[in-house]
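Written out below as structure tokens is the structure these notes cover.
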Amino acid sequence: MCGLGCTKFFNVVLSLAGIGISAFALWIEIQGEEDDSYKPPCDLEENISCSVMFNSQYGTGFGLVHKFLGARHPANQPNNVYGAIFYAFFFLLSLFNYKFIATFQVLLSLMSLAGSAYLGYVSFFLLKNICVITAATAGVNFLLLCFSMCKRRALAAKPVKEDKFGYYIPTTNYPTNQNNNFKKFI
């Protein structure tokens, strides 16, 4: 099992990796908009290309924002901007070891994994393409979920009193004989 120091380290490193992936993808998008002949380094083959996803309707606002708010709405940003904001927020949360923050991190990780699954579905089944950036962020999101769950488990409340074998011994707050405490719970 991972301890709190281990989970904090991996959550911080994975958050920084997510920020790096998002920044790299945003840089690729900006280069592609400025120069039409630019070939991104993540375009490996015809069917393994990140520019197909970036240039599709699903490359901004997850393909959903423009349907509800319009294409010119400020919330209709490239997916990589959302990713960078998410990973920066997750990085900040990773610095604190509280159970409610760990629970929130697990929920955020589940949401990000659902977003990655959605974009993976779009990339593979709708666009008939494999996006390396989407696959990399899905991997980072999965690992963030694993380490967030490990962090939450490490922060779980410990039993008040255990015997030498690790079993919980129920007690009360009443100042009575030690042998009668157990009988009150039966």
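Structure notes:
- Point-to-point label distance, Phe96-Lys128, nm (Cα→Cβ direction, 7 Å offset): 4.9
- Quarter the surface of the alpha carbon convex hull of the stretch 4-158 and you get the mean projected area, 9.7 square nanometres.
- Inter-part distance where the stretch 118-138 and the stretch 26-74 are each reduced to a Cα centre, Å: 12
- Coarse-grained scattering of the stretch 1-86 at q = 0.13, 0.17 Å⁻¹, given as base-10 log I(q)/I(0) from a Debye sum over alpha-carbon atoms: -0.54, -0.79
- For Ile48, nonlocal amide neighbours, meaning residues 5 or more places apart or on other chains whose placed amide H falls under 5 Å from its own, are Ile130.
- In order along the stretch 117-127, the Karplus-derived 3J(HN,Hα) couplings, from 6.51 cos²θ - 1.76 cosθ + 1.60 at θ = phi - 60°, round to 5, 4, 5, x, 4, 4, 5, 7, 9, 8, 8 Hz, and Gly and Pro are given as x.
- Separation in nanometres of the label points that stand 7 Å from Cα toward Cβ, at Asn47 and Phe89: 3.6
- For the pair Gln77 and Phe9, a Förster radius of 35 Å applied to the C-beta separation gives a FRET efficiency near 0.70, rounded to the nearest 0.05.
- Using the Cβ-Cβ distance between Trp27 and Phe62 with R0 set to 22 Å, the FRET efficiency from 1/(1 + (r/R0)^6) comes to roughly 0.65.
- FRET efficiency for Met111 and Ser37, using Cβ-Cβ distance with R0 set to 41 Å, rounded to 0.05: 0.65
- Note, ³J(HN,Hα) from phi for the stretch 46-57, Karplus 6.51, -1.76, 1.60, rounded to Hz, x at Gly and Pro: 5, 9, 10, 8, 7, 5, 5, 5, 4, 8, 7, 5
- Evaluated over the stretch 4-158, the count of Lys pairs having alpha-carbon atoms less than 27 Å apart is 7 (only pairs 8 or more residues apart or interchain).
Since every read-out is calculated from the coordinates, none of them should be taken as a lab result. Computed from a predicted model, the values in this text were never measured in an experiment. All Cβ positions, glycine included, derive from the backbone under ideal geometry; neighbour counts span all protein chains shown.
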